[in-house]
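**Q** Here's a structure for you.
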Amino acid sequence: MDHIAAAEERIVSDRMRRKLEEVNTVAQKQLAGIQDHVNFTLQQAYFKCAYECFDRKRGQEGINNCVEHCSVPVLRANNMVEEEMARFQERMNRSLMVCQDKYEGAKIRQVQSGAVSDMESCVDQAIKDSVQMLPHIVDRLNISLSISAQKDI
């Protein structure tokens, strides 16, 4: 029976890994417009601003302060995206831990029948709930970063 249980756990683990890869793909797709804004619009503005800092009338400290000032919007945007995604990941991890705890509890009680399918349905629901949060996170980031509504291509 232990061999069967180990095989079931491997199958569940593989399925969970695939589902998490799917979430990652969806998140990257949803965040593409924001990443584009940060990587191109804000980075371009940063380099233009920093270029203007190199003026012979300024001393080294003045140039450094100017360039540092130019980097603030990019750093702020990157931090904002990282914080939102860290919160998203944390919420999803907590949901998945609840599923894992239920599964472990079923194993302790030796209620094997249905434990794997219960865990899979719990994981499916947790991931579905997490994915449904992504558009709201993207909207919040778009507003915070003053990005106009983006159209799907």
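**Q** Of (i) 9.0; (ii) 8.5; (iii) 12.6, which is the value of mean projected area of the Cα convex hull in nm² derived from the coordinates here?
**A** So the structure-derived entry is (iii).
**Q** Which residue fluctuates the most in the chain, going by a Gaussian network model with Cα springs under 10 Å, if the choices are 106, 27, 77?
**A** The residue with the greatest mean-square fluctuation here is 106.
**Q** Distance in nm between label sites at residue 24 and residue 132, each 7 Å beyond Cα in the beta-carbon direction?
**A** 2.5 nm
**Q** In addition: So which residue, out of 56, 76, 17, gets the largest mean-square fluctuation from a GNM of the chain using Cα contacts under 10 Å as springs?
**A** For the chain, modelled as a Gaussian network with Cα springs under 10 Å, the answer is 56.
**Q** Once you have the Cα-Cα distance between residue 13 and residue 63, take 0.36 nm times their residue separation minus that, and quote the gain in nm to one decimal.
**A** 12.7 nm
**Q** What is the distance in Å between the Cα centres of the stretch 12-63 and the stretch 65-123?
**A** Each part's Cα centre sits 22 Å from the other's.
**Q** Hey, what do the phi angles of the stretch 11-28 turn into as Karplus ³J(HN,Hα) couplings, whole Hz, using 6.51/-1.76/1.60 and θ = phi - 60°, x for Gly and Pro?
**A** The phi angles translate into 4, 4, 4, 5, 5, 5, 4, 5, 5, 5, 5, 4, 4, 4, 5, 4, 4, 4 Hz.
**Q** What's the local net charge at residue 133, with K and R +1, D and E -1, over the other residues with C-beta under 13 Å away?
**A** +1
**Q** Looking at the stretch 1-69, I'd like the Rg to Rh ratio, where Rg is from alpha-carbon atoms and Rh is Kirkwood's inverse mean 1/r.
**A** Here Rg/Rh amounts to 1.50.
**Q** Let me ask something else about it. Under a 1.4 Å probe, what is the accessible area of the stretch 55-139 per residue, stated in Å²?
**A** 65 Å²
The values are calculated or read from the model by the stated rules, or taken from the named source; none is laboratory data. It should be emphasised that the depicted structure is a prediction, and the values quoted were computed from it without experimental measurement. Heads up, the Cβs are rebuilt from the backbone with ideal geometry, glycines too, and the neighbour counts pull from every protein chain shown. When the accessible area is computed, the model is the full protein with side chains, heavy atoms only, and any ligands, DNA or RNA have been set aside. Shrake-Rupley method; radii C 1.70, N 1.55, O 1.52, S 1.80 Å.
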